[in-house]
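Computed from the coordinates by the stated procedures, all read-outs in this text should not be read as laboratory data. Remember, it's a predicted structure, so these values are computed and weren't measured experimentally. Neighbour counts run over all protein chains shown; Cβ positions are idealised from the backbone, glycine included.
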There are 2 protein chains.
Amino acid sequence: MRGVSVIGIGETKMGKYPGTLKDMIREGAEKAISDAKIDKKLIEAIYFGNFNGSFWSGQSLMGPLVAEAIGLEDLPTMRLEGACATGSLAFRQGFYSIACGLYDVVLVGGAELMTHKSTPVITEGLASATDVELEAKVGATFPSLFALAANRYFYEYGNVREEMAMAAVQNHANACLNPDAQMHKRIDVDTVKNGFPVAYPLTVYDCSLVSDGSAFIVLAASEIADKISGSKIVDVLGSGHGGSTIQVSTKNITSFAATRNAAKEAYGMAGLKPSDIDFAEVHDCFTITQIINIEDLGFFEKGRGARAISEGRTALDGAIPINSSGGLKAKGHPIGATGLSQIFEVVTQLRGDAGERQIKNARIGLNHNLGGMGATCVINIFRGRE
Amino acid sequence: MRGVSVIGIGETKMGKYPGTLKDMIREGAEKAISDAKIDKKLIEAIYFGNFNGSFWSGQSLMGPLVAEAIGLEDLPTMRLEGACATGSLAFRQGFYSIACGLYDVVLVGGAELMTHKSTPVITEGLASATDVELEAKVGATFPSLFALAANRYFYEYGNVREEMAMAAVQNHANACLNPDAQMHKRIDVDTVKNGFPVAYPLTVYDCSLVSDGSAFIVLAASEIADKISGSKIVDVLGSGHGGSTIQVSTKNITSFAATRNAAKEAYGMAGLKPSDIDFAEVHDCFTITQIINIEDLGFFEKGRGARAISEGRTALDGAIPINSSGGLKAKGHPIGATGLSQIFEVVTQLRGDAGERQIKNARIGLNHNLGGMGATCVINIFRGRE
């Protein structure tokens, strides 16, 4: 297999999008192509992630919509879906299409339009990523399932409610430095603890946002990347994809096998270990999820993730900054775009283009994207060029 | 890239499934694994196609459901979607995952549960594969769009209403010989012409069926296929994927660029030309679609497809038998499974296991799967081993 590089990135501002689904797709895709500084006719295929536009917008078959939006109607396209890991699945397929020599240049992207729907309809659409027969149909929602995880975590490792809140506090602080973030509002631990209760112990400030947004990445074979593109190139060092049972009743919910398996594959391909990673974008659909994930990724010992956050070790100036973008919690969580927006941030940091939120000595970055209640996970590792 | 082979196939009987979505997935997957005669623990990943279970069954994230159904919970999984080409997109991704050396053995599959919903809900869900903003929202449905294609075809090439009906007559006759087919009912040209009118000139007998069903394929690297499997092995010679604009207003609707592009790629990879193909399963969502497709595949000259069918050249004993399974028209069209059920038939024929509908001298077979109004197309070419 040959090397694959990121040559272009683009995303919309997250939040309520002031146009149609097509407008949002076009904006993200055109930004990525423009950033790549390539002749767009070099693009040979489109890998597109969308979670539930079939339900929320009545629109399936979105791949060709992307092709039309960028004026390349005859490209082969496909849609990938794996709940909240949807965007990274699209990335992974695009990555392998180049790695194996099928294509030289591809566009990967994702989008989700959500804010036009009411909260009950959004909740119902999200709950379609549970085992519906056993879970959603008896009233389970994602906040309730991850609340179970938080309670179990407290039972196993002690009540870290205050430390857990710091994940939200930190992500909100980072988002204030990200112009694409949906929330620009500093909060403190008391704000989180006293927030509107959602599912004990989670309050509304422990939960990620309902967002519109799109994010796109242009990938090219490393051997041609700097010949065709005028952008700052970032190389993909590794990619991993793990799975686990969808239902909550039969698995460990304070450590996700999907993350551990994906991490093993990604680290193995990159020839790296957790301590080699300078910074990461980590799936934080809920504060507890970020804590479980940074442990499963090997950044911190099991049961120590919450304390590590509260000690500032994951802050922008910490040992391993997490979610410099603001994360799903404060940058936003447009499901199909989320994994690609994580990669947008990793690449921005590796290029040294992150402005006020720039991480010092950012050479190797990772994105971690989780789907369902730990049912599928994609992890990618990137390195900037000097 | 290395060679890829089919080592196992399985499908449910098409029609109204007497169990749940999970039951249907389990039946198809277990049949394929059993047919492959392998230790199922060799399977490393699952590529799964489902079109619109998010809308019709409220279930997204179906990959892990497949993993659970076969008792391999920790496998990486993903869902592919490209409207009616969904199943073949899953196949293509599984094919490339082995071709590029990522995995040695994968399970690809697809399923759709449809008969539990009313006709208006099915029609609405299907219409999500149009450009919804421009088409479905102003009342367009797939029968109406393909009726436009039929009328335009008549305008360009003459009124072939009687010859077109023969596509349905032939597919119904073939389905009578296929125990997995939904319809076992012989019809004649008058039945088709006098059928309940759907969208002029199409009657209900020009339209494919609403079906439940699942179909699965086990793929392995050719270099290990006969070492790990006790089944009759079939090799994948080529795969092609083409695209075109989603909306009907801006394209040629009597010849689909998506098919022509996919065919060029698949024939090129296989080093074959149309006349090398012994038989094919060709997307026949409507009778007119089969006619357009067999022309775009290069089997017949433009404008001559309908006559070729009426002359018996695509019958079981014709020069190039088409849809020996009964096709979408009479075997059934469970959207996410359709492309894989086509491959099930191609492999069955190449193994010489097709019983009463066995095609003589079937050595090289092709499946053609179209999504949307010619918006995406996947074509695969297979060869049996002596």
Task: Label point at B:LYS37 placed 7 Å out along Cα→Cβ; residues across the range B:223-237 whose backbone nitrogen lies under 17 Å - done: B:224-235
- [ ] Provide the per-residue ³J(HN,Hα) series for the range A:149-157, in order, calculated from phi with Karplus coefficients 6.51, -1.76, 1.60 and θ = phi - 60°, each as a whole number of Hz, with x at glycine and proline positions.
- [x] 5, 5, 5, 5, 4, 4, 4, 7, 10
Open item on the list: Per residue of the range A:183-193, what does 6.51 cos²θ - 1.76 cosθ + 1.60 with θ = phi - 60° give for ³J(HN,Hα)? Whole Hz please, x for Gly and Pro, Karplus curve as stated.
Closed with: 9, 10, 8, 6, 10, 10, 4, 5, 4, 5, 4
Open item on the list: On C-alpha positions alone, give me the angle between the axis of helix B:86-99 and the longest principal axis of chain B, in degrees, nearest 10.
Closed with: 40
Open item on the list: Using a Cα-Cα cut-off of under 22 Å, which lysines could be cross-linked to A:LYS251, ignoring same-chain neighbours fewer than 8 residues away?
Closed with: A:LYS137, A:LYS264, A:LYS302, B:LYS22, B:LYS40, B:LYS41
Task: Spacing of the two label points (7 Å from each Cα toward its C-beta) at A:GLU301 and A:THR123, in nm - done: 4.0
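What shape does the range A:153-256 have by the C-alpha gyration tensor, where a ≥ b ≥ c are the square roots of the eigenvalues, rounded means a/c under 1.5, and otherwise prolate means a/b greater than b/c and oblate the rest?
oblate
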Task: Label-point separation in nm, A:ASN194 to B:PHE196, each point 7 Å along Cα→Cβ - done: 6.4
TODO: List the relative contact order of chain A as a percent without decimals, with contacts defined as Cα pairs under 8 Å and 6+ residues apart.
DONE: 26
Task: the range B:185-310 shape via C-alpha gyration tensor axes, a/c threshold 1.5 - done: prolate
TODO: Tell me which residues come under 5 Å, amide H to amide H, from B:GLY238 once H is placed; ignore anything under 5 positions away on its chain.
DONE: B:ILE381
Open item on the list: Helix-only estimate, please: 222 nm mean residue ellipticity of chain B, summing -39500 (n - 2.57) across DSSP H runs of length 4 or more and dividing by its residues, to the nearest 500.
Closed with: -11000 deg cm²/dmol
Task: Selection from A:LEU237, A:ALA270, A:ILE253 lying farthest towards where the dipole of the range A:220-279 points positive, charges on Cβ - done: A:ILE253
Open item on the list: With the label 7 angstrom out along Cα to Cβ, how close does A:ARG363 come to the same site in each of the other copies, in nm, nearest first?
Closed with: 5.8
TODO: Select from B:ASP190, B:ASP180, B:ASP104 the residue whose mean-square fluctuation is largest in a Gaussian network model of chain B (Cα-Cα springs shorter than 10 Å).
DONE: B:ASP190
Task: Student exercise, the protein assembly as shown dipole from Lys, Arg, Asp, Glu Cβ charges, in Debye to nearest 20 - done: 200
Open item on the list: Return the unpartnered cysteines for the protein assembly as shown, using a Cβ-Cβ cut-off of under 4.7 Å.
Closed with: A:CYS84, A:CYS176, A:CYS207, A:CYS285, A:CYS377, B:CYS84, B:CYS176, B:CYS207, B:CYS285, B:CYS377
Open item on the list: Let's test the formula: R0 of 25 Å, r as the Cβ-Cβ distance of B:ARG186 and B:GLU162. What FRET efficiency results, to the nearest 0.05?
Closed with: 0.90
TODO: Assign unit charges at the C-beta atoms only (+1 for Lys and Arg, -1 for Asp and Glu), then state the dipole size of chain A relative to its Cα centre in Debye, rounded to the nearest 20.
DONE: 340
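Could you list A:LYS40, A:LYS331 so that the one with the fewest beta carbons within 10 Å of its beta carbon is first and the one with the most is last? Spell out each step's value before the answer.
On the way: A:LYS40 16, A:LYS331 35.
Placing the least packed residue first, the sequence is A:LYS40, A:LYS331.
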- [ ] Mind listing the long-range amide H neighbours of B:ILE9? Cut-off is under 5 Å, sequence gap 5 or more, other chains count too, H placed in the peptide plane at 1.01 Å from N.
- [x] B:ASP35, B:ALA36, B:VAL218
Task: Cα gyration tensor category, rounded, prolate or oblate, for the range A:255-386 with a/c compared to 1.5 - done: rounded
Open item on the list: Neighbour counts of other C-beta atoms within 10 Å: give me A:ASP131, B:ASP206, A:ASP23, B:ASP317 arranged from fewest to most.
Closed with: B:ASP317, A:ASP23, A:ASP131, B:ASP206
- [ ] Give the angle, between 0 and 90 degrees and rounded to the nearest 10, that separates the Cα long axis of helix A:161-175 from the longest principal axis of the Cα atoms of chain A.
- [x] 30
Task: the range B:256-334-the range B:71-110 distance, computed between alpha-carbon centres (Å) - done: 25
Task: Helix A:257-270 vs. chain A, principal-axis angle (Cα, 0 to 90°, nearest 10) - done: 40
Task: Residue (of B:THR12, B:SER34, B:ALA90) at the positive-pole extreme of the range B:1-120, dipole from beta-carbon charges - done: B:THR12
TODO: Once you've got the GNM for chain A with C-alpha springs shorter than 10 Å, pick whichever of A:GLU124, A:GLU133, A:GLU265 has the biggest mean-square fluctuation.
DONE: A:GLU133
Task: Approximate spin-label separation A:ARG2-B:GLU133, in nm, with each point projected 7 Å along Cα-to-Cβ - done: 3.6
- [ ] Name the long-range amide H neighbours of B:THR203: under 5 Å, sequence gap of 5 or more, or other chain; modelled H, no Pro or chain starts.
- [x] B:VAL198
- [ ] With θ set to phi - 60°, apply the Karplus curve 6.51 cos²θ - 1.76 cosθ + 1.60 along the range B:282-291 and write out the HN-Hα couplings as whole Hz, x wherever there is a Gly or Pro.
- [x] 10, 4, 10, 4, 9, 4, 4, 5, 4, 5
TODO: Report the relative contact order of the range A:1-48, percent, no decimals, based on alpha-carbon pairs under 8 angstrom and at least 6 residues apart.
DONE: 44
Task: Axis-nearest residue of B (beta carbon) for the B-onto-A rotation, whole Å - done: B:CYS100, 1
- [ ] Quick one: dipole size for the range A:334-386, taken about the Cα centre, charges +1 on Lys/Arg Cβ and -1 on Asp/Glu Cβ, in debye to the nearest 20.
- [x] 180
Task: Reachable aspartates and glutamates from B:LYS31, criterion Cα separation under 14 angstrom, eight or more residues apart if same chain - done: B:GLU11, B:ASP23, B:ASP39, B:ASP180
TODO: Have a look at A:THR119, A:THR254, A:THR338 and tell me which one the Gaussian network model of chain A (Cα, springs below 10 Å) gives the largest fluctuation.
DONE: A:THR119
